[in-house]
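Before any comments, here is the structure.
The values are calculated or read from the model by the stated rules, or taken from the named source; none is laboratory data. Bear in mind the structure is a predicted one, so any value in this text is a computation, not a measurement. Positions of Cβ are backbone-derived with ideal geometry, glycine not excepted, and every protein chain shown enters the neighbour counts. Heads up: the accessible areas ignore ligands, DNA and RNA and are worked out on the full protein's heavy atoms, side chains in. Shrake-Rupley method; radii C 1.70, N 1.55, O 1.52, S 1.80 Å.
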Amino acid sequence: MSTCFFPVARQVFGWLAVASVWAWSAAHPLAARAEGDLKSEIERQVGVIKSAMKGATDIELKEFECGSTDEFNGHLGPGLKAAYEEAFRAKNIVLNKGAAHLLTGMFFTTDRKLLEQGKPLRLQLKLALTNRDGATALLVLPIDAPLNAKHFATVNSTKDLARAIGFTGSISPEANAAKRQEEIAKQVIKPAVEFEGTRMRSRPASPYELEVRKRQHGSPGDFTPVQPTRDAEGLFVAVGLNEEYELKIVNRSQLPVAVAVSVDGLDVFHFADKDSRDQKGQPLYTHFIVYPDGQLVEGVKSDGTSLVAGWFQKLAPPDNYLSFLVTEHGKGAISRVAVAPRDKVGAIHLQFSHCQPLPENAAAKSGTETGFGMPRSIEQKAARFQIEPPHEFLTVRYQRPKP
């Protein structure tokens, strides 16, 4: 089940969705077949690696490097590293820089030139487990997540691919798997992304908008909107060293929307405290719920916006968020997962999904770097929603200081 937040009344109050519900609606053409996801494949691989370690109880994870030849990726390294670390902890494997076993990895996304030649869009992750003396203990087969229905890949989740490549665009919510693949592949080459003033959209007619707002770190002043620009790689906002930023999400549709947010591949709920996690240690919350303008929710009228104030810490204030802060390499949030990206550009990635609230007794079908800034207090409430696979995606790049 998934928990979401939605903010109303000028962000005095917001809603979160409880324990993620990636579910197909009953009317969806693929209701009987859930999408394979990267998380499940990582958990499977970690089980294989643990067996190959032959009783060893600790491991060192090196930084995941991107092997793609251009900027056509969603800067997934931090998120991948965090996912593997969580999977190892779940298997009672200790992360230790002095461990006898060393895990290295590279990930690849199909380059733009190859896509233009008709090659399938895919995420590929290659790992190698070695001993300290350099002997290869295990070579793990690649994880392939191609947009090719005939491929043997075990990972084909739209949400994973979109985050991996930093996809911006929109696909039909009711499309079958083949159609979703076709729509993404076409838009990857020629995205229709646009902005009007300081608000950005994945396409001209999109009802969903994003505004990035910033202020100097430690300043008591208000956040001010950042003017975006567009280049060959997509949308870009200039948020510099020692500047905090927040994300204002706007829903101009007539229905509520669930929004998943990640920065450099790392989910904004990744740093949730222990009281905001389930029995398996996973964050209870996965999405922000943004209600349309004017809708009454528990007697409060929504203004059609939601504010993502930073990294989620806990449900109730005070100080339940830490501001997004652009900081030096190794000093930010991703340093918590021992990741220090080498590229100069980071990525803010949003995924939008149709959703509907669930009764409390209902069962659901499961299916520069940014660091910590000033603590912030946000009034919010958890709610249970059935959330469909994402149908719209928006990626915005921001500048990191040089290492």
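If you plug the beta carbon distance of ALA135 and LYS39 into 1/(1 + (r/R0)^6) with R0 = 25 Å, you get a FRET efficiency near 0.25. In this rough spin-label picture, where each label sits 7 Å from Cα along the Cβ direction, the LEU241-ARG203 distance is 4.1 nm. Only the Cβ atoms of Lys and Arg (+1) and of Asp and Glu (-1) were treated as charged; on that basis the dipole of the range 164-212 about its Cα centre amounts to roughly 160 debye.
Each peptide in 350-359, 215-224, 388-397, 125-134 gets a packing score, the mean of other Cβ atoms within 10 Å over its residues, and the list from highest to lowest is 388-397, 350-359, 125-134, 215-224. The residues of the range 201-284 expose, per residue, 43 Å² of accessible area to a 1.4 Å probe. With all protein chains in place and a 1.4 Å probe, the accessible surface of the range 49-128 carries 49 percent carbon and sulfur. Note on ARG277 and ALA100: the model spin-label points, each 7 Å out from Cα along the C-beta direction, lie 2.8 nm apart. Pairs from the table (LYS301/LYS381; LYS62/LYS274; LYS54/LYS97; LYS39/LYS62) lying more than 23 angstrom apart at Cα are LYS62/LYS274. Residues in the range 188-204 carry Karplus couplings, in order, of 4, 6, 10, x, 9, 4, 8, 9, 10, x, 9, 9, 10, 9, 6, 7, x Hz; the curve used is 6.51 cos²θ - 1.76 cosθ + 1.60 with θ = phi - 60°, and Gly or Pro positions show x. On the range 225-337, 50 percent of the accessible area sits on carbon and sulfur atoms, based on a 1.4 Å probe.
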